[in-house]
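The values are calculated or read from the model by the stated rules, or taken from the named source; none is laboratory data. Note that the coordinates shown come from a computational prediction; the quantities given were computed from them, not determined experimentally. Using ideal geometry, Cβ is built from the backbone for each residue, glycine included, and neighbour counts are taken over all protein chains shown. We work out accessible area using only protein heavy atoms, side chains counted, and drop any ligands, DNA or RNA first. Shrake-Rupley method; radii C 1.70, N 1.55, O 1.52, S 1.80 Å.
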Amino acid sequence: MGKEKLLLIGNGMAGVNAIEHLKKLAPDKYDITIFGAEPYPNYNRIMLSYVLAGDTKQEEIYINDYDWYEKNGIRLYTGQRVSSIDPAAKTVTSDGAAGPMTTSYDKLVIATGSNAFVIPIPGSQLPGVIAYRTIRDTELMREAAKKYKKAVVIGGGLLGLEAARGLLNLGMQVEVVHIGDCLMERQLDKTASKLLQTSLEQQGMKFLMEKSSAEILGKERATGLKFADGTWTEADLIVMAVGIRPNVSLAKEAGLDVVQGITVNDWLETSAPDVYAVGECAQHRGVAYGLVAPLYEQGAVLAKRLAGVDGAPYEGSVVYTKLKVSGVDVFSGGQFIEDAETKAIRVHDDWSGIYKKVLVKGSKIVGAVLFGDTSESTRLMQLIKSQADITKMEITKLLQESGAEGGGGGGTEGMVAAMADDAVVCGCNGVSKGTICSAIRECGLTTVEGVKDATTASRSCGGCKPLVAALLKTTLGDEFDAAASAKASICGCTTLSREEVVAGIKEKGLTHVREVMHVLGWKEPEGCSKCRPAVNYYLSMINPSTYKDDRTSRFVNERMHANIQKDGTYSVVPRMYGGVTTPSELKKIAEVAEKYNVPTVKLTGGQRIDLLGVKKEDLVPMWTDLDMPSGYAYGKALRTVKTCVGADFCRFGTADSMGMGIALEKKFERLNTPAKVKMAVSGCPRNCAESGIKDMGIVAIDGGWELYAGGNGGVKVRAGDLLATVKTEQDVMEYIAAYLQYYRETGNYGERTSEWIVRVGLDHVRGVVEDADRRRELCERMDEALAATKDPWKEAVETAAIRKDLYEVIETAK
Ligand SMILES: Cc1cc2nc3c(=O)[nH]c(=O)nc-3n(C[C@H](O)[C@H](O)[C@H](O)COP(=O)(O)OP(=O)(O)OC[C@H]3O[C@@H](n4cnc5c(N)ncnc54)[C@H](O)[C@@H]3O)c2cc1C
Ligand SMILES: NC(=O)c1ccc[n+]([C@@H]2O[C@H](COP(=O)([O-])OP(=O)(O)OC[C@H]3O[C@@H](n4cnc5c(N)ncnc54)[C@H](O)[C@@H]3O)[C@@H](O)[C@H]2O)c1
Ligand code: SF4
Ligand code: FES
């Protein structure tokens with residue numbers, strides 16, 4: 001007897017995943033044919049967001065290449081669309097690359113996915129309007145970004161925001177039009193949604209909220225978008241990301257039961273005999289899913305059914321999502337809005353921008369929203385899925401920081417140990433605990449990277465990484481290379497530590513951010529808001545004279561050279577060396593403040609004048625009129641050198657503190673550092689300039705100067721340590737140059753000197769700066785770094801391209 005004929009319609013993620021499972025369970029049971037309307041082998045649609053952003057190539061997202069089909073004896077027709085199903089005759093007809101065909105089947109699986117919803121408004125079919133779903137859509141957007149300037153993304157859901165971030169990366173100005181007042185309202189509560197909006201705004205994304213699109217403007221091509229309230233906005237490219245609709249037309253025409261999706265039972269059977277449906281096109285117990293994890297769970301059940309292997313039915317999934325590519329950590333799982341039966345446990349740390357909420361019903365967790373720190377997402381998801389009783393757990397520990405144990409009765413390791421072998425550990429790639437454990441044992445794997453290469457677990461969003469690490473530990477016991485896995489990576493996008501990244505850049509001669517991420521094997525090809533600015537800094541520190549700053553890897557303040565305020569305006573702080581000014585400078589500042597209607601003028605703690613409430617379009621004209629250097633009040637750089645009046649005027653003063661402050665500020669201004677650096681110079685030990693709480697505090701003493709290092713007057717107050725006592729002004733300059741350069745070369749990005757000096761040790765730093773040879777070498781490298789700096793305000797005033805890219809105001813809704 002010949003093999004049974006199994007036919008799959010849809011060469012997408014869900015259908016092919018079910019076939020992969022089936023091939024493992026019953027390799028020879030079926031003669032398999034797959035029809036795919038798209039002209040590619042099966043690919044990872046999730047990764048399109050990375051392809052759009054330019055960090056992953058199309059070929060890299062193929063899950064199974066053509067060889068896989070051939071090796072597994074699967075007949076694949078790509079570019080071949082099935083046009084009808086005849087369930088009575090058990091045939092399908094198709095047309096496309098292989099010509100018109102009728103093919104018979106014994107068993108049929110429909111996995112046609114969804115169609116992106118296109119709002120049926122006038123102009124929606126114009127060139128320049130794209131619904132984002134496929135490789136082709138991604139290519140069209142990338143091509144448009146080369147020619148055009150402004151994109152409007154309709155829809156502030158997961159897809160819209162990932163598309164918007166990708167288009168920003170491609171250099172477009174991006175506005176997101178959202179119908180409601182909260183982004184990602186299908187996943188987030190109001191608080192998380194607002195935090196997300198603020199964070200994305202800081203990246204340069206613009207939002208038009210509560211806008212209903214009424215018409216796409218343009219004759220030959222889209223030129224703008226008009227709203228129901230009569231306002232409009234210009235657009236060269238319009239991307240629709242307003243949800244999906246299950247692709248059910250074939251099933252409907254064939255007379256199958258269809259509501260929203262194709263109705264299936266717990267075995268993925270449709271209303272027609274021998275016809276199954278899986279993936280986004282299927283509707284199970286009233287739900288049509290739009291994320292891969294549930295679809296892979298369905299695929300595993302379907303594969304067993306088709307293989308004739310006993311297994312549990314599919315009873316529905318608890319969904320969870322993470323926003324990708326945006327550089328913001330956002331997670332939502334299960335129920336995310338409170339109701340009468342739920343109680344919420346919340347942590348909201350405004351300072352660190354972290355918000356966490358867990359919803360509890362009775363004694364069980366039913367949902368969670370995490371913003372800013374999603375390290376607990378996998379663990380919380382396991383607790384939700386396993387319906388764990390949390391009455392004996394320490395509730396606050398459920399929201400503890402990453403890496404800490406507790407709360408879960410044995411932590412992550414206890415949790416993975418309790419998981420069944422067929423429980424899915426990596427939802428994105430549908431990899432079970434059993435598969436990972438076998439790979440660890442059979443292939444001798446010892447690292448998360450190794451598991452990824454062997455099984456694909458952790459290949460996509462990376463959320464399962466802690467579970468994979470825990471599985472390594474529980475499977476290998478003492479053999480587990482804990483040190484390798486636990487070393488502090490610079491962020492979740494890579495397993496590499498700061499030292500490894502810096503060494504990699506030096507050894508391989510890497511010169512730009514994307515190259516570093518690509519060559520050093522970043523897990524998240526796009527990086528995130530933690531690693532991108534860090535890598536940008538390390539590159540500039542290593543190659544100061546040749547490195548071209550990657551502005552897109554900087555936070556908005558550093559990109560704009562002005563601090564953005566909570567109302568979207570900016571603050572302008574001109575440099576005043578040593579906090580010393582003149583009547584004419586003051587007059588100029590006053591005139592500029594009046595001319596540009598600056599609402600608030602304030603003296604800062606660092607002895608500067610802060611012009612607050614400046615409009616973006618006024619920044620460059622103001623800098624032109626001021627004709628003063630940037631005060632770097634926004635930067636990871638030398639901020640201010642505060643001084644007391646010193647010996648020239650004060651009767652206690654033993655040295656010219658103002659002169660010293662001015663000289664220091666003139667030497668080190670514009671220097672980029674791992675975190676902000678503040679200095680102060682006091683003319684005697686009375687210390688009126690508060691030198692004891694600065695990154696570098698200088699105090700005049702009889703016959704010399706004392707240098708205090710690692711002080712901080714901020715959140716964690718720390719008194720500086722006496723680093724050295726020196727005699728001359730020349731010594732002061734040299735010691736400080738060596739100290740700052742050593743900090744630049746060994747500090748973690750974002751680490752203040754107060755933390756750095758504790759980490760590396762005062763004695764060690766003292767030893768370095770006291771060593772004349774090392775001091776000289778450090779000073780030479782410092783000089784090289786200083787020689788490469790430019791005043792950013794002057795640069796903007798003199799460079800049309802910078803003004804256009806950064807400070808031109810986009811016409812928004814009128
Ligand atoms: C940019 C983007 C990012 C995403 N990111 C995530 C994420 O981070 N996490 C997540 O969980 N989900 C994500 N998703 C959603 C996820 O990709 C889908 O849930 C998943 O791909 C659905 O799988 P499927 O097989 O049901 O449908 P699809 O992957 O769409 O596959 C269906 C296939 O069937 C083909 N087809 C349709 N009709 C016919 C026909 N008549 N004949 C032949 N072939 C046909 C289609 O061409 C398509 O190739 C993302 C989606 C997009 C677009
Ligand atoms: N990271 C991820 O998990 C990820 C990423 C991308 C896509 N996806 C999936 O792909 C599918 C498509 O994503 P999506 O974001 O399009 O779907 P969605 O339904 O999740 O979001 C659509 C958004 O568009 C908004 N909207 C609807 N009509 C609108 C209109 N006329 N104007 C402005 N806004 C409007 C909605 O309020 C909603 O926020 C979903 O299933 C999603 O889960 C997931
Ligand atoms: S620190 Fe000393 S020199 Fe400076 S103002 Fe105070 S008392 Fe005078
Ligand atoms: S859960 Fe996304 S990569 Fe594993």
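Brief remarks on what is shown
- Heavy-atom accessible area, probed at 1.4 angstrom with all protein chains present, ranks Trp267, Trp522 as Trp267, Trp522, highest first.
- The stretch 262-367: proportion of alpha-carbon pairs further apart than 24 angstrom, %: 43 percent
- Restricting the trypsin sites (Lys or Arg not before Pro) of the stretch 703-772 to loop positions (DSSP other than H, G, I, E, B) with no more than 16 neighbouring Cβ atoms within 10 Å leaves Lys716, Lys727.
- Alpha carbon Rg of the stretch 25-94, scaled by the compact-globule rule 2.2 N^0.38 Å: 1.37
- Mean ellipticity per residue at 222 nm, deg cm²/dmol - from DSSP H runs of n ≥ 4 across the chain, formula -39500 (n - 2.57): -9500 deg cm²/dmol
- Relative to the dominant Cα principal axis of the chain, helix 772-787 is inclined by about 70°.
- Taking a straight Cα-Cα cut-off under 20 Å and skipping sequence neighbours fewer than 8 places away in the same chain, the aspartates and glutamates within cross-link reach of Lys90 are Glu4, Asp31, Asp106, Glu253, Asp257, Glu269, Asp274.
- Taking a Cβ cut-off of under 10 Å around Thr725, the surrounding Lys, Arg, Asp and Glu residues balance to a net charge of -1, with basic ones at +1 and acidic ones at -1.
- Taking only the C-alpha atoms of the chain, the Rg (one decimal) and the largest Cα-Cα distance, Dmax (whole number), read 30.3, 109 Å.
- Nearby aspartates and glutamates by direct alpha-carbon distance to Lys588 (threshold 15 angstrom, same-chain neighbours under 8 apart not counted): Asp610, Asp625, Asp627
- Relative to one another, the C-alpha centroids of the stretch 107-127 and the stretch 231-297 are positioned 11 Å apart.
- Counting only protein heavy atoms and using a 1.4 Å probe, the accessible area of Glu734 comes to about 60 Å².
- Nearest 10 degrees, 0 to 90: helix 433-443 Cα axis against the chain principal axis: 80 degrees
- Rolled with a 1.4 Å probe across the full set of protein chains, the surface gives Glu669 an accessible area near 20 Å².
- Cross-link check: pairs Lys150/Lys548; Lys523/Lys636; Lys566/Lys636; Lys190/Lys465; Lys57/Lys150; Lys506/Lys548 evaluated at a Cα-Cα cut-off of 22 Å; pairs beyond the cut-off: Lys150/Lys548; Lys523/Lys636; Lys190/Lys465; Lys57/Lys150.
- The separation of the stretch 490-523 from the stretch 617-667, counted between C-alpha centres, amounts to 36 Å.
- Euclidean distance between Cα centres, the stretch 25-84 to the stretch 151-173, Å: 26 Å
- Computed with a 1.4 Å probe over protein heavy atoms only, the accessible area of Leu586 comes to about 80 Å².
- Our summary of shape: the Cα atoms of the stretch 638-790 have principal axis extents of 42, 32, 31 Å, ordered from largest down, in whole angstrom.
- Dipole magnitude for the chain: about 820 debye, using +1 per Lys or Arg Cβ and -1 per Asp or Glu Cβ, origin at the Cα centre.
- The stretch 120-168 - charge dipole about Cα centre, Lys and Arg +1 at Cβ, Asp and Glu -1, debye rounded to 20: 200 debye
- Protection proxy ranking, highest mean first, for peptides 650-658, 691-699: 691-699, 650-658, where packing is the per-residue count of other beta-carbon atoms within 10 Å, averaged.
- Between helix 190-202 and the chain: long-axis angle, C-alpha atoms, 0 to 90°, nearest 10: 60 degrees
- Calculated log₁₀ intensity ratio I(q)/I(0) where the Debye formula runs over C-alpha points of the stretch 116-245, q = 0.14, 0.18 Å⁻¹: -0.55, -0.93
- Applying the criteria of a DSSP loop state and at most 14 other Cβ atoms within 10 Å to the trypsin sites (Lys or Arg not before Pro) of the stretch 1-110 yields Lys3, Lys57.
- Using only the C-alpha atoms, the convex hull of the stretch 498-554 corresponds to 69 Å³ per residue.
- Leading residue at positive end of dipole, the chain (Cβ point charges), from Gly697, Tyr634, Tyr596: Tyr596
- Residues of the stretch 1-25 with amide N under 15 Å of a point placed 7 Å along Cα→Cβ from Met101: 5-11
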